[in-house]
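Heads up, the thing below is written out as structure tokens.
FYI, it's all coordinate maths here, none of it is from the lab. A quick note: this is a predicted structure, and the numbers were derived from the prediction, not measured. Here the Cβ positions follow ideal geometry from the backbone for every residue, glycine too, while neighbour counts run over all protein chains shown.
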Amino acid sequence: MTAIRIDGKAVAASLRARVADAVADLARDGVVPGLAVVLVGDDPASRVYVGSKKKMTVAAGMRSIDHMLPAETGEAELLALIDRLNRDDDVDGILVQLPLPPQIDASRVILAIDPAKDVDGFHPVNAGRLATGQPALVPCTPVGCVMLAKTVLPSLAGLDAVVVGRSNIVGKPVAQLLLAESATVTVAHSRTRDLPAVCRSADLLVAAVGRPEMIRGDWIKPGAVVIDVGINRIEGEGGTSRLVGDVAYDEAAAHAAAITPVPGGVGPMTIACLLANTVKAARARRG
Ligand code: GUN
């Protein structure tokens, strides 16, 4: 079997186009959504993410409000900025880029963000709303994963879904979303016994562990759909490097019915879903 390659770039582009249409509608009512992005320090990967977020926010017709803070910024200073952004009516969404420098407690920062502006969906109020089936701002990467799965699976109801990874950012929320789609969900992690066998039970496998090519071809059930969240840079010969996922793509593609590539799979969906969350927050804040 040679798997369908799920084109995250194309799905993300079409979602961004729908977001731009929604923004144009809001503009007719005099509303231009604003997304505040806060970056502390100068981590090169974070700079690249933040740069893309800014570019795509503006391309969708929204305002990008950037706060680039030095690496030595204190927690109190960051909390004071979040307080100002919470109270600023022109700000619909607040995103604090993670990871934060060691002197800042990320969970305190997340807790300080107004849940109505929490476009990352990381605030415990939004996590709780998601878990209890109430309207919520839902984390972007998990939403992107489910959207990509649904391009090849009309319904997830009754499927055996395995999520590898239990982070608050991806593993747990993606499990909640799959449960809401009526899949039978198993969350596997570093302490799972016989991970290959658990993976082999999956009709839908979501890999979010951050370990390059850990999931091998013979862990994939024939005909399964594989969503690879990992983005791992590995060094090659002569100073070159390349990006790989958590799944050994070529091996897995020989068994799967469909699989997301890295890059060009889940990655592009994250920003597109962030833009969609910003529009959702802007609408909800205005009733
Ligand atoms: N760092 C890497 N991915 C993300 C994300 O989706 N949101 C935030 N805030 N930081 C990140």
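Tabulated results
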{"item": "Overall form of segment 47-111 per C-alpha gyration tensor (a/c, 1.5; a/b vs b/c)", "result": "oblate"}
{"item": "Helix 75-87 vs. the chain, principal-axis angle (Cα, 0 to 90°, nearest 10)", "result": "70"}
{"item": "Positive-pole candidate from Ala157, Thr278, Asn86, dipole of the chain, charges at beta carbon", "result": "Ala157"}
{"item": "Calculated [θ] (222 nm, deg cm²/dmol) that DSSP helices of n ≥ 4 give over the chain, each run adding -39,500 (n - 2.57)", "result": "-13000 deg cm²/dmol"}
{"item": "Nearest 10 degrees, 0 to 90: helix 140-152 Cα axis against the chain principal axis", "result": "40"}
{"item": "Cα-centred dipole magnitude for segment 127-263, charges only on beta-carbon of K, R (+1) and D, E (-1), debye, nearest 20", "result": "480"}
{"item": "Neighbourhood net charge (11 Å Cβ-Cβ; Lys/Arg +1, Asp/Glu -1) for Val247", "result": "-3"}
{"item": "Under 5 Å, built H, 5+ apart or other chain: amide partners of Ala202", "result": "Lys221"}
{"item": "Share of pairwise Cα separations in segment 171-261, more than 19 Å, in percent", "result": "40"}
{"item": "Relative pair counts by distance (%), Cα atoms of the chain, 5 Å bins", "result": "1, 6, 12, 16, 18, 16, 14, 10, 6, 2, 0, 0"}
{"item": "Relative contact order [Cα under 8 Å, 6+ residues apart], segment 139-268, whole percent", "result": "23"}
{"item": "Positive-pole candidate from Cys140, Leu98, Ala248, dipole of the chain, charges at beta carbon", "result": "Cys140"}
{"item": "Projected area, mean over directions - segment 1-118, Cα convex hull, nm²", "result": "9.5"}
{"item": "Segment 210-224 versus segment 249-287: alpha-carbon centroid distance in Å", "result": "20"}
{"item": "Segment 56-173: C-alpha pair distances exceeding 16 Å, %", "result": "68"}
